[in-house]
Amino acid sequence: MFGPGVGECVVAHIGGGDWIVVDSCTDKRSGEPVALGYLAALGVDVASQVRLVVATHWHNDHIRGLARVLRTARAARFVNSAAHPLTDLTRLVMLGKKTAPVSTATSEFDEIFQILLERRKSGERRDAVGPIPALANKRLLALPDIGGRRPVAAEVVALSPSDGVFNLAKTELRTALAAVENRRRPSAQDPNQICVVLWLKVGVLDVLLGADLEHVAGSTEGWQAIVTSGERPTGRAGFFKVPHHGSENADCPDSWTHLLSGNPIAIVTPYSPSMLPRPADIRRLCSRTPRMFLTSDPTHYGLPRRDNAVEKTLREIAVTRRALSGQMGHVRIRCDARDLQSEALIHLKNGARQQCA
């Protein structure tokens with residue numbers, strides 16, 4: 001799990017030399033997607049060994065650099081929320097660049113659409129490259145252990161968006177398209193509510209990747225739709241990517257008691273512009289599990305502030321600015337997927353830390 005303070009990316013080995021990449025952020029110094037640098041350092045052939053590239057939703061801090069990841073991962077299928085069909089998003093861009101996602105996300109999904117189109121034109125089947133629409137309880141990848149070809153079986157299942165969210169989003173997309181055609185700015189559901197939560201099962205291990213899904217009232221949306229579903233994968237996850245940077249609006253008590261094992265390993269990617277997680281969030285999460293980790297310090301990120309006149313001039317003349325110092329916060333967990341009792345080895349790099357020790 002990578003998280004520098006703005007952005008996050010999950011890179012997961014699912015056994016047998018196969019990998020998946022969920023969301024993307026870029027290294028502040030090189031500007032390159034962190035997933036590509038990390039996998040290259042491990043000697044992974046990204047072109048052939050990455051099986052899935054997933055966009056959980058289209059917020060800038062989850063999408064930056066994802067098109068470059070997909071272009072490099074030639075054998076990967078691309079997964080996108082069914083509530084945000086890529087063709088409709090691209091049509092919104094073509095109709096005036098007035099869609100809900102902001103500019104960086106707009107350029108990323110536009111490039112991703114072009115990459116998938118190029119691959120289909122080269123003769124690859126659509127269902128082999130994507131976009132694969134993720135919907136609650138849909139299996140996105142299944143790699144069985146048949147005849148000893150793999151050390152462990154693995155599968156990736158989407159737990160969201162729920163049917164209720166999907167149906168609402170379809171109506172909103174039609175409204176948004178009509179608004180743009182009439183030169184009005186569209187409104188739509190918060191991308192956090194239509195994001196893709198994932199359940200990874202690798203051997204005997206279960207992992208819950210919470211994306212940015214928020215907790216809302218009722219059982220048809222948010223975390224309650226997952227908790228109350230009778231079709232979700234069985235078992236309890238021992239590893240949890242905490243949703244929405246540990247924010248209170250994403251905390252569903254029932255998800256901890258119904259989806260997770262006791263004292264799971266939980267990882268939070270801070271979002272420094274909003275100072276998430278806040279001290280109260282950290283106390284709440286530590287009350288859920290003593291094994292909670294932050295990928296970085298939420299109070300130390302971003303560009304240095306200068307005199308207001310200097311800042312104003314920089315905004316007027318600079319196309320983009322990025323920090324040249326600082327490193328990518330990184331929590332790495334390694335464990336034996338064949339032995340549920342094996343001890344997890346946790347490596348903390350570049351400012352990542354255990355919060356509840």
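Readers should treat all values here as calculations from the given coordinates under stated rules, not as data from a laboratory. Computed from a predicted structure; not experimentally measured. Every residue, glycine as well, gets a Cβ built from its backbone with ideal geometry; the counts of neighbours run over all protein chains shown.
At-a-glance table
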quantity	calculated
Note, ³J(HN,Hα) from phi for segment 116-126, Karplus 6.51, -1.76, 1.60, rounded to Hz, x at Gly and Pro	5, 5, 4, 5, 5, 5, 7, x, 7, 6, 4
Cβ-based net charge around ALA76, under 11 Å, with every Lys or Arg adding one and every Asp or Glu removing one	+4
Packing-based order for 21-32, 332-343, using average beta carbon neighbours within 10 Å, highest first	21-32, 332-343
Protection proxy ranking of 46-57, 123-134 - average other beta-carbon atoms within 10 Å, highest first	46-57, 123-134
Hz values of 3J(HN,Hα) by residue in segment 225-231 - Karplus curve (6.51, -1.76, 1.60), Gly and Pro given as x	5, 6, 4, 8, 5, x, 10
Coil-residue chymotrypsin sites (Phe, Trp or Tyr not before Pro) of segment 1-88, DSSP, other Cβ within 10 Å capped at 11	none
Greater than 26 Å apart at Cα, pairs in LYS121/LYS201; LYS28/LYS121; LYS28/LYS241; LYS28/LYS138; LYS28/LYS349	LYS121/LYS201; LYS28/LYS121; LYS28/LYS138
Residues whose placed amide H lies under 5 Å from that of ILE132, excluding near-sequence neighbours	PHE78, VAL79, ASN80
Alpha carbon centroid spacing (whole Å) that separates segment 50-75 from segment 1-47	10 Å
Calculated from backbone phi, Karplus (6.51, -1.76, 1.60) coupling profile of segment 127-133 in Hz, x at Gly/Pro	6, 8, 10, x, x, 8, x
